[in-house]
Amino acid sequence: MRIFAMFGGACVVGAAAGWMLTAPTFADPDLTVPAGDAARGATVFTAAGCASCHIAPGATKAEHPVLSGGQRFASDFGTFIAPNISTDAKQGIGAWSTLDLLNALRHGTSPAGQHYYPALPYATYTRMTDTDVADLRAYLATLPADATPSQPHEVGFPFNIRRALGVWKLLFLRDDWVLAEAPTPELERGRYIVEALAHCGECHTPRNGLGGLQRDRWLSGAPNPNGKGTIPDITAAGLTWSSADIVGYLTTGFTPEFDTAGGHMVAVVENMAQLPDSDRAAVAAYLKAIPKAE
Amino acid sequence: MLFRPLLALSLMISCALPAFAEGEADAAIKARKSQMTLYAFNLAPLGEMAKGTLAYDADVASKAATNLAALAKLDQSRLWREGTDQMSAENTRALPDIWDNMDDVMAKSLAMTGAADAMQLAAGTDLASLQAAMGALGGACGACHKLYRAPE
């Protein structure tokens, strides 16, 4: 009898510990976030590619994009539908504080304390600085409101159990750099753009069975999550382009063969083209520093 | 007695028609790929100059851009005939969405012609003008490839 009681007790303790460990995490509510600068936030917004996913399907990116959501992203786990993140207080995120945005981007946690799916690339944004989050919040506040309701994700069992995302985060949400050494300011900037904002790794790095990025195969190419075709290897060994080729591609969309980017990469180029030359050069320097996958 | 030859004839026609259409589809796909190759060939000196991997030469740039603008104005209606999408034909990444959104495709094509015309004006002016026109041209080409071309 005693052995059963002990086993039962262990189960209860284990379940309680599991429940606690999978709880959504928040930043310290007393964290002092800097005052945001909307002009700087515009660059963060562009480099992080927010509009590429959050503008309406088929919309072209305007000077003041309407972030009403609705684009569909197919994956092995179901179809995720980008939500409304416009300034509408009810349907969008107009009522959010800077801390709410910080919790969403760095911890993948909603203001109501729910885990977001990592289709929102918080595994990248978790490396964003407080200043960049605050600047982004200030910039987002300047964009138009739109009252289109967000659509629910089309995700089946068991992936619809949000709490289980706590396990995903324990396994895969890490805020250390993939490229450990960035000895020059240019490499440091390139690393920040790629690993904290532009989320290149989210598509160019293969995922394991649970959807976690395989960091030992960083940027080495992956199947397209929508099931068609592959996304190329962009490590120094995998991409034979020169730095000038990479900068040229990120400026105009033309490959060294004068074909162009296609699919979602067109939106990425649109964003990269708006950054200063030095940022595109920094991205090229960073890619050239990525070792061949093991 | 006329029945047999008529049947034979109609069978011949019904069998031969798809083969004929297939040959035409194949020719159209080959031709539009050739069109893309000619775009790329003329974009090359412009792009290399913009990147700084080829010295700026107003004459070379101007000739290439003039070719590009002329190519962009060729009538392409026979190149994009029905039945030449990825689901119906081999060796093409053209998505069926093209034929479902022809108005949008035509608008994007017109924008590309405009960008090529702008490049024709800019290419012979100076390097800074060429570089500025290159981004718009890339964007105009990419606009179709974003929505209407399947990934490799």
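Size of the stretch A:183-294 from its Cα atoms: along the principal axes, largest to smallest, the extents are 38, 34, 23 Å.
Out of every Cα pair in chain A, what percent are spaced more than 31 Å from each other?
Details: 13002 of 43071 pairs.
In whole percent, the share of Cα-Cα pairs in chain A beyond 31 Å is 30.
A:Gly262 sits among other residues whose Cβ lies under 14 Å from its own Cβ, and their net charge, with Lys and Arg +1 and Asp and Glu -1, is 0. Each residue, A:Ala244 and A:Thr129, gets one label point 7 Å from its Cα in the Cβ direction; the gap between the two is 3.2 nm. Label zone (B:Lys63, point 7 Å along Cα-to-C-beta; backbone nitrogen cut-off 20 Å) within the stretch B:87-123: B:117, B:119-123.
For every other residue with a beta carbon closer than 10 angstrom to the beta carbon of B:Cys144, add +1 if it is Lys or Arg and -1 if Asp or Glu, then tell me the sum. Let's see the in-between values first.
Values: positive: B:Lys108, B:Lys146, B:Arg149; negative: B:Asp104.
Counting the neighbours of B:Cys144, the net charge comes to +2.
Taking neighbour Cβ counts within 10 Å as the exposure measure, how do A:Phe45, A:Phe157 sort from fewest upward?
Values: A:Phe45 24, A:Phe157 7.
Ranking A:Phe45, A:Phe157 by Cβ neighbours within 10 Å, fewest first, gives A:Phe157, A:Phe45.
Stokes-Einstein diffusion of the stretch A:78-186 at 25 °C, 0.890 mPa s viscosity, Kirkwood radius from Cα pairs, rounded to a whole number: 160 µm²/s.
I need A:Tyr286, A:Tyr139 ordered by Cβ neighbour count within 10 Å, fewest first. Intermediate values should be presented prior to the final figure.
Working: A:Tyr286 25, A:Tyr139 21.
Arranged by neighbour count, lowest to highest, A:Tyr286, A:Tyr139 become A:Tyr139, A:Tyr286.
Grouping the Cα pair distances of chain B into 10 Å bins from zero gives a pair-distance distribution of 11, 32, 26, 16, 7, 5, 2, 1 percent in increasing distance order. Each Lys and Arg Cβ is given +1 and each Asp and Glu Cβ -1; about its Cα centre, the stretch A:95-152 then shows a dipole of about 140 debye.
Mind running the shape call on the stretch A:25-94? Use the C-alpha gyration tensor, a ≥ b ≥ c as the square roots of the eigenvalues: rounded below 1.5 for a/c, prolate if a/b tops b/c, oblate otherwise. Oblate is the answer for the stretch A:25-94, as a/c is 1.5 or above yet b/c matches or exceeds a/b. Over the stretch A:178-235, the pair-distance histogram of Cα-Cα distances with 10 Å bins from zero comes to 23, 50, 22, 5 percent, rounded to whole numbers. Along the axis of the charge dipole computed for the protein assembly as shown (Cβ charges of +1 for Lys and Arg, -1 for Asp and Glu, origin at the Cα centre), the listed residues A:Gly212, B:Leu71, A:Ser242 are led at the positive end by A:Gly212. The relative contact order of the stretch A:189-233, computed from alpha carbon pairs under 8 Å that lie at least 6 residues apart in sequence, is 29 percent.
Considering only alpha-carbon pairs that sit under 8 angstrom and 6 or more positions apart, the relative contact order computed for chain A is 19 percent.
Extending 7 Å from Cα along the Cβ direction at A:Asp216 and again at B:Asp100 yields two label points whose distance is 4.2 nm.
Dipole orientation for the stretch A:110-232: of the candidates A:Ala123, A:Asn226, A:Cys200, A:Asn226 has the Cα lying most toward the positive pole (charges on Cβ; Lys, Arg +1; Asp, Glu -1). Ranked from largest, the principal axis spans of the Cα set of the stretch A:1-119 equal 71, 38, 26 Å.
Note on A:Leu171 and A:Ala56: the model spin-label points, each 7 Å out from Cα along the C-beta direction, lie 3.8 nm apart.
When only Cα pairs below 8 angstrom with a gap of at least 6 residues are kept, the stretch B:90-151 shows a relative contact order of 50 percent. For chain A, modelled as a GNM whose springs connect Cα atoms under 10 angstrom apart, the maximal fluctuation among A:Val12, A:Val44, A:Val167 occurs at A:Val12.
Counting other Cβ atoms within 10 Å, which trypsin sites (Lys or Arg not before Pro) in the stretch A:247-294 have at most 12 and lie in a DSSP loop? Answer in residue order: A:Lys292.
The stretch between A:Ala35 and A:Ala145, if pulled fully straight at 0.36 nm per residue, gains 37.4 nm over its current Cα-Cα span.
With r defined as the distance between the Cβ atoms of A:Asp277 and A:Glu154 and R0 fixed at 35 Å, what FRET efficiency is calculated, to the nearest 0.05? Present the calculation step by step, with values, prior to reporting the outcome.
Numbers: r = 41 Å, r/R0 = 1.17.
Rounded to the nearest 0.05, the efficiency is 0.30.
Coordinate-derived values only; no laboratory data. In this text, all values refer to a predicted model and were calculated from it rather than measured experimentally. All Cβ positions, glycine included, derive from the backbone under ideal geometry; neighbour counts span all protein chains shown.
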